[in-house]
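Working notes, beginning with the structure itself.
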Amino acid sequence: MPHVKMSELSPDDLSEIYTFAVQLGKDAGQMLMQAARLRTDDTRASQQQEEHVQKANAVDLVTETDENIEAFIKNQISSKFPTHKFVGEESYSKGSSRQYLIDDAPTWCVDPLDGTVNYIHLFPMFCVSIAFIHKSKPVIGVINAPFLNQFFSSCAGRGAFLNETQPLPLIRNPVPPMPAKAPSGCVFSCEWGKDRKDVPDGNLHRKVESFMNMAAEIGGRGGKGGMVHGVRSLGSATLDLAYVAMGSFDIWWEGGCWEWDVAAGIAILHEAGGLITTANPPENCETSPIDEVKLGSRLYLAIRPAGPSANETGRESQERTVREVWKRVRHLDYSRPGA
């Protein structure tokens, strides 16, 4: 494919990139599954375990598998689209800068293994995540969770799909509105994250307080009790977003993610009809605008696709839910190092 300016990206160009991305996700997912199977082979188990390398703490582990899959993906992209930029979790983490790297250039944003801790324990919530970004917006998303046999994909203007044939969200006849008393009646997804510093009013304490507010009975927690239907934590931000796009999760709230954790999921959620904005509550939760989140902000609040009810549009029910979540969560501090 010859180099084209982003303003000149045609439907045919997008189709070619999408077809390539889908096949790339399948191939990388097969590599990930093969690596997982090696860990069930008694003759290789001890060797594989020794290859796990610890990063900052026990929650953020990286394996040789990450690097091998990222190298494969990067080489395939550079061969097919040599002028495109590449941002990968493994290569970026080894750099000295954490400056924001997404701009208007055509960019691939990749996490070769999201849910690394899950992978190490063979908890099935791990995946390959591949996004293509156009003018700073994720327009193609591919997520392959091979242990689950779940393959998510989307292309701007063409919808989002599970295993290439099932449109998202899953419940479509009709797509349900958000519950009238949301967050009550909602499945709330959240993650503990890597910032485990036990300091007063740190991110960990603020998250726990927010989780308690969302889960507590109506009227509890000084009126902040949300009485959500359930609380879930998958250990993979990428799959959290995919499950919001499916409609399996109603709400996802998180801080601390990097671009590669969310880019593909945001593309899929948008195409499914979901909403994603900032995790941090504004000064006035009732009247502040609900802006589209900036990729790289590290603060995310996602709401599932929603249909209309007798009293409001689907979008209105999503925005109502955002404001009710904002009232119950704490402000998180996840700045970009070096920024």
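Each value in this text was obtained by applying a stated rule to the coordinates, not by laboratory testing. A quick note: this is a predicted structure, and the numbers were derived from the prediction, not measured. Cβ coordinates were reconstructed from backbone atoms using ideal geometry, including for glycine residues, and neighbour counts include every protein chain displayed.
A few remarks follow.
- From the alpha carbon centroid of the range 254-328 to that of the range 151-187 is 14 Å.
- For the range 222-339, a crude dipole built from +1 on the beta carbon of Lys and Arg and -1 on the beta carbon of Asp and Glu, taken about the Cα centre, is about 300 debye to the nearest 20.
- Among Met33, Met125, Met178, the residue with the largest mean-square fluctuation in a Gaussian network model of the chain, with springs joining Cα atoms closer than 10 Å, is Met33.
- ³J(HN,Hα), Karplus 6.51/-1.76/1.60, whole Hz, each residue of the range 161-170, x for Gly, Pro: 9, 9, 6, 6, 10, 8, x, 10, x, 5
- Exposure proxy for Lys26, Lys197, Lys294: other Cβ atoms within 10 Å of each Cβ, ordered fewest to most, give Lys197, Lys294, Lys26.
- Arg39-Ser91 FRET efficiency (beta carbon distance; Förster radius 22 Å; 0.05 resolution): 0.40
- Nearest-0.05 FRET efficiency for Met227 and Arg196, computed from C-beta distance (R0 25 Å): 0.35
- Applied to the range 222-239, the Karplus parametrisation 6.51 cos²θ - 1.76 cosθ + 1.60 on θ = phi - 60° returns per-residue 3J(HN,Hα) values of x, x, 8, x, x, 6, 5, 5, x, 10, 10, 9, 8, x, 8, 4, 4, 6 Hz, with x for Gly and Pro.
- The chain - charge dipole about Cα centre, Lys and Arg +1 at Cβ, Asp and Glu -1, debye rounded to 20: 580 debye
- When each of Met214, Met227 is scored by the number of other beta-carbon atoms lying within 10 Å, the sequence from fewest to most is Met227, Met214.
- Considering only the chain, percent of DSSP beta bridges that pair antiparallel, nearest 5: 80 percent
- Nonlocal amide H pairs with Cys127, under 5 Å, H built at 1.01 Å: Asp114
- Dividing the helix sum by the residues of the chain, where each DSSP H run of 4 or more adds -39500 (n - 2.57), gives a mean residue ellipticity at 222 nm of -10500 deg cm²/dmol.
- 3J(HN,Hα) along the range 107-123: 9, 9, 10, 10, 10, x, 8, 8, x, 4, 4, 4, 4, 4, 8, 6, 7 Hz, from the Karplus curve 6.51 cos²θ - 1.76 cosθ + 1.60 with θ = phi - 60°, whole Hz, x for Gly and Pro.
- In degrees, nearest ten, helix 64-80 long axis to first principal axis of the chain (Cα): 80 degrees
- With a simple spin-label model that places each label point 7 Å from the Cα along the Cα-to-Cβ direction, the separation between Glu312 and Asn149 comes to 3.9 nm.
- Antiparallel DSSP beta bridges within the range 187-326, as percent of all bridges there, nearest 5: 55 percent
- Each of Arg206, Arg37 was scored by other Cβ atoms within 10 Å of its Cβ. Listed from fewest to most, they are Arg37, Arg206.
- The chain - percent relative contact order, Cα under 8 Å, separation 6 or more: 17 percent
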